[in-house]
Amino acid sequence: MKTHLALAVAGAITLTACGSKTDVSEKNFGAAIKQPLEKNGGLCLGLGAVEWPVDVSEDNWKAGKENPTSIVGKMEALAVVDLVSGTDSEIDEVIWDINKEIDEIIGTINVNRTTGRKLVGKRYALTDAGKKFYRKQGGDICYGNFALDKIVKWTEPSKWTGGDYQKTCVTYQYKIDDLAGWAKKPEIQTAFPDVGKIIERAEKRKYARVVIQLTSRGWEAIGPNEWGYCQ
């Protein structure tokens, strides 16, 4: 009987030690931050939903080659790090269609149309290496993922003005997981200026802040795009 009682007490202590998902703890806050980071923390170049291959007419190529942040500059930078290949090609002439632009407001996707004419130009296609970093959802090339480094501090949980739930402002440090080496190349950081800034901030272990709210499911990050703001 004593043995059974001892086991029951030990089990109760173990359960208590595990804690609850509603506890105010570094573990729970970390889990709350990790969820949106894993869902929305992908770091991409911001190319937009470009359609591959990317065709550039000879005239547009000449006009954009001196501008490192133009589509030509971006493609050439990606070619330097072997994510795309650029080849001279005969491409379709594409013009802007104002009627389609008007239609786009009410749902049409593409405002350009082909004329049927062929032009001399350059075609950029993803290489095998580029395909490894390409994410079809969003149509972008990505170079890493935001991840939680450590929780720094948090405010005392309380009900904020006009709210019914306990909230706290959590300060944390972030890092970049699976950072692609090519993202640190000067050609890429010149063509995509935000890339260098993001990497630098992560390497310097800059702080970020997020609102965490206590729900029936435990602590969760909240706010616009699941991030929120700190008062």
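Observations on the model:
- Ordering of 37-44, 151-158 by burial proxy (mean other Cβ atoms within 10 Å per residue, highest first): 37-44, 151-158
- Computed E for GLU90/LYS185 - FRET, C-beta separation, R0 35 angstrom, nearest 0.05: 0.65
- Counting 0.36 nm for each residue step from SER216 to LYS197 and taking away their Cα separation leaves a gain of 3.1 nm.
- Distance (nanometres) between label positions extended 7 Å along Cα→Cβ at SER25 and LYS132: 3.9 nm
- Accessible surface of region 25-74 [probe 1.4 Å, protein heavy atoms]: carbon and sulfur percent: 45 percent
- If R0 is 45 Å, the Cβ-Cβ spacing of VAL80 and ASP164 corresponds to a FRET efficiency of close to 0.25.
- The peptide list 131-137, 75-81, 24-30, put in order of mean Cβ contacts within 10 Å with the highest first, becomes 75-81, 24-30, 131-137.
- For THR215, the residues whose modelled amide H falls within less than 5 Å of its own, excluding neighbours fewer than 5 places apart on the same chain, are GLU220.
- Residues VAL50 and ASP149, FRET efficiency given R0 of 41 Å [Cβ-Cβ distance, rounded to 0.05]: 0.80
- Gain upon complete extension [ASP59, LYS34; 0.36 nm per residue less C-alpha separation]: 4.3 nm
The values are calculated or read from the model by the stated rules, or taken from the named source; none is laboratory data. Since the structure is predicted, the reported quantities are computational estimates derived from the model, not experimental observations. Please note: Cβ atoms are built from the backbone with ideal geometry, for glycine as well, and neighbour counts cover all protein chains shown. Calculation scope for accessible area: heavy atoms of the full protein, side chains included, ligands and nucleic acids excluded. Shrake-Rupley method; radii C 1.70, N 1.55, O 1.52, S 1.80 Å.
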